[in-house]
Amino acid sequence: MKVYNTLTKSKEEFVPLEEKKVKMYVCGPTVYNYIHIGNARPMIVFDTVRRYFEYSGYEVNYVSNFTDVDDKIINRAKEEGVSATDVSTKYIEECKKDMAMMNVKPATTHPQATEEISGMVEMIKTLVYKGYAYEKNGTVYYKTRAFEEYGKLSHRNLDELRSGERDLKVTGADEKEDNLDFVLWKPKKEGEPAWESPWSDGRPGWHIECSEMAKRYLGEEIDIHAGGEDLIFPHHENEIAQSEAANGKTFAKYWLHNAFLNIDNRKMSKSLGNFRTVREVSKEYDLQVLRFFMLGAHYRSPLNFSAELMEAAKTSLERIVNGAANLKFLSEHAKVTEMTAQEKEQLTAAMKYKDAFKAAMDDDFNTADAVSAVFELVRFANSNTDGESSKEYTEALLKLLVELSDVLGIVVLKEEEILAEDIEKLIAERQAARKNKDFNRADEIRDELLAAGIVLEDTREGVKWKKK
């Protein structure tokens with residue numbers, strides 16, 4: 001399996017730190033609003049990467065954070081007259097709903113920044129002690145020039161950074177020893193949430209959050225760090241500087257970044273009026289269509305979102321779903337049970353599509369070619385099955401189609417409609433889990449129901465449900 005490493009700008013053979021285990025960290029969203037389709041691309045892409053690792057026999061520890069303390073969250077809270085916690089809690093829940101509708105698996109751990117402050121303070125203390133950070137009037141800055149390899153991920157040298165140093169400027173920049181230095185801790189302003197630290201009551205800078213959460217949940221060295229290419233500089237560059245200075249070890253072995261997503265060939269922007277949330281898209285399309293659309297291009301290729309392309313994705317996905325439905329129908333109504341000699345030969349021939357699928361995914365997770373292999377399998381099945389085909393043969397083809405589609409997170413067989421009685425049982429189990437403070441199980445039940453098309457609403461009268 002080869003992966004493209006942003007750090008080395010080349011494809012490399014994937015060799016995990018521990019045999020058959022993958023420690024993977026993916027930067028998650030800042031939760032101040034519904035996630036937009038730009039957020040959705042890394043969620044879908046790296047969920048698929050995770051699924052392929054698991055399909056290939058790896059045990060994956062997948063960590064993706066929620067940034068739940070940030071200027072955008074604080075500003076949103078002021079606008080709505082609520083607390084920052086109210087805002088972040090609401091949009092974490094909404095984000096999880098969207099993820100479930102996109103069939104993005106919950107991470108092994110979804111850490112929240114506000115729950116990891118003490119660890120961040122300790123890491124900052126270490127950086128100060130080692131001479132990589134300094135304090136000025138309650139603000140702690142990272143001394144960028146003290147880290148000799150700074151710029152190795154973005155492939156910029158310090159002179160280039162000088163010309164673009166506005167990228168790194170923050171409040172209190174005039175107190176820095178060097179304009180390239182960045183904030184690790186900042187004092188609170190009136191009305192802002194704050195935590196105690198040796199330097200001031202305040203909150204962490206954005207970059208230190210991921211360094212600490214990756215360390216806590218994955219260790220000082222990890223296999224893969226991933227996210228959108230907009231995070232390469234300065235966020236991921238700063239993470240490397242912080243983590244490697246504090247821990248004295250290589251932070252991440254492989255860095256994976258997905259390319260930008262545009263809307264109608266223009267950068268997505270609220271000012272241009274082309275800002276699209278996942279929730280808005282869900283009102284027009286099943287989010288399986290959005291997932292399928294995202295996987296139709298290689299993750300490192302720029303992707304353009306448009307109504308025409310989404311309609312094309314919808315039509316293409318229907319071909320695969322219809323192919324699965326046809327195989328299921330033939331299997332259920334087959335007159336013959338066992339495969340004939342000819343069918344055995346045909347099934348062997350069909351395995352070349354599985355080989356093509358794996359070859360595509362082994363080549364830096366080329367989902368575009370993997371999807372093509374699935375299409376070829378559907379075309380083969382349509383051409384080589386009919387009412388005379390055996391149950392064993394049609395079932396084997398269907399199993400293969402479902403197997404490959406599942407790696408992509410594409411559901412090709414619709415589940416039988418869930419009964420109201422079963423829904424009520426699950427809701428009762430969720431309520432009991434919440435009462436017993438088993439919030440993980442409560443979340444699992446909610447996501448399970450959401451995946452089945454059932455949306456839960458917590459009201460004063462109790463929990464109500466409705467179909468999407």
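The values are calculated or read from the model by the stated rules, or taken from the named source; none is laboratory data. Just so it is clear, the structure is predicted and the values come from calculations on it, not from any experiment. Because the Cβ atoms are built from the backbone with ideal geometry, glycine has one as well, and the counts that use them run over all protein chains shown. Areas reflect the complete protein model, heavy atoms only, side chains present, ligands, DNA and RNA absent. Shrake-Rupley method; radii C 1.70, N 1.55, O 1.52, S 1.80 Å.
Return the pairs, sorted by first residue and then second, in which the second residue is assigned to a loop (DSSP other than H, G, I, E, B) and charged (D, E, K, R), the first residue lies in region 180-195 and is closer than 13 Å to N137 by Cα, the beta carbons are less than 6 Å apart, and the residues are 6+ apart or on different chains.
Within 6 Å, the pairs are K188/D201.
Return the pairs, sorted by first residue and then second, in which the second residue is assigned to a helix (DSSP H, G or I), the first residue lies in region 32-48 and is farther than 29 Å from E79 by Cα, the beta carbons are less than 6 Å apart, and the residues are 6+ apart or on different chains.
I44/R291; I44/M294
How about region 78-91: which of its residues are in contact with a Pro (Cβ under 9 Å, 6 or more places away or on another chain) and either part of a helix (DSSP H, G or I) or of a type in the set (F, W, Y) (or both)?
Matches in region 78-91: A84, T85, Y91.
If Y254 satisfies every condition in (1) among the hydroxyl-bearing types (S, T, Y); (2) without any contact (Cβ under 8 Å) to a residue 60 or more places away in the chain; (3) surrounded by 21 or more Cβ atoms within 10 Å (Cβ to Cβ) but one, which is the exception?
Going through the list (1) among the hydroxyl-bearing types (S, T, Y); (2) without any contact (Cβ under 8 Å) to a residue 60 or more places away in the chain; (3) surrounded by 21 or more Cβ atoms within 10 Å (Cβ to Cβ), Y254 breaks only (2).
So which of L127, L158, L153, L184 ends up being hydrophobic (A, V, I, L, M, F, W, C), modelled with pLDDT under 90 and touching a helix residue (DSSP H, G or I) at 6+ places or on another chain (Cβ under 8 Å)?
L158
Tell me the residue from S197, S269 that is at pLDDT below 95, at negative phi and open to solvent by less than 50 Å² (accessible area, probe 1.4 Å), please.
Exactly one residue qualifies, and that residue is S269.
Could you say whether any residue in region 41-53 is open to solvent by 40 Å² or more (accessible area, probe 1.4 Å) and either part of a helix (DSSP H, G or I) or at pLDDT 95 or above (or both)?
The answer is no; no qualifying residue exists.
Going by the conditions given, is A241 outside any loop (DSSP other than H, G, I, E, B), over 28 Å from V87 (Cα atoms) and touching a helix residue (DSSP H, G or I) at 6+ places or on another chain (Cβ under 9 Å)?
Taking the combined requirement at face value, the residue satisfies it.
Taking the conditions exactly as written (assigned to a strand (DSSP E or B) and open to solvent by 50 Å² or more (accessible area, probe 1.4 Å)), does K249 satisfy them or not?
No; evaluated as a whole, the condition is false for this residue.
Answer yes or no as to whether F260 is surrounded by 21 or more Cβ atoms within 10 Å (Cβ to Cβ) and either within 23 Å of H155 (Cβ to Cβ) or of a type in the set (F, W, Y) (or both).
The answer is no for F260.
Could you list, in sequence order, the residues of region 102-134 that are closer than 30 Å to R279 by Cα, in a helix (DSSP H, G or I) and open to solvent by less than 60 Å² (accessible area, probe 1.4 Å)?
Selection gives A113, T114.
Determine whether S88 is touching an Asp or Glu at 6+ places or on another chain (Cβ under 7 Å) and within 16 Å of W206 (Cβ to Cβ).
Considered against the rule, which asks whether it is touching an Asp or Glu at 6+ places or on another chain (Cβ under 7 Å) and within 16 Å of W206 (Cβ to Cβ), S88 comes out as yes.
Look at K215 and say whether it is basic (K, R), part of a loop (DSSP other than H, G, I, E, B) and either modelled with pLDDT under 95 or buried (at least 20 other Cβ atoms within 10 Å of the Cβ) (or both).
no
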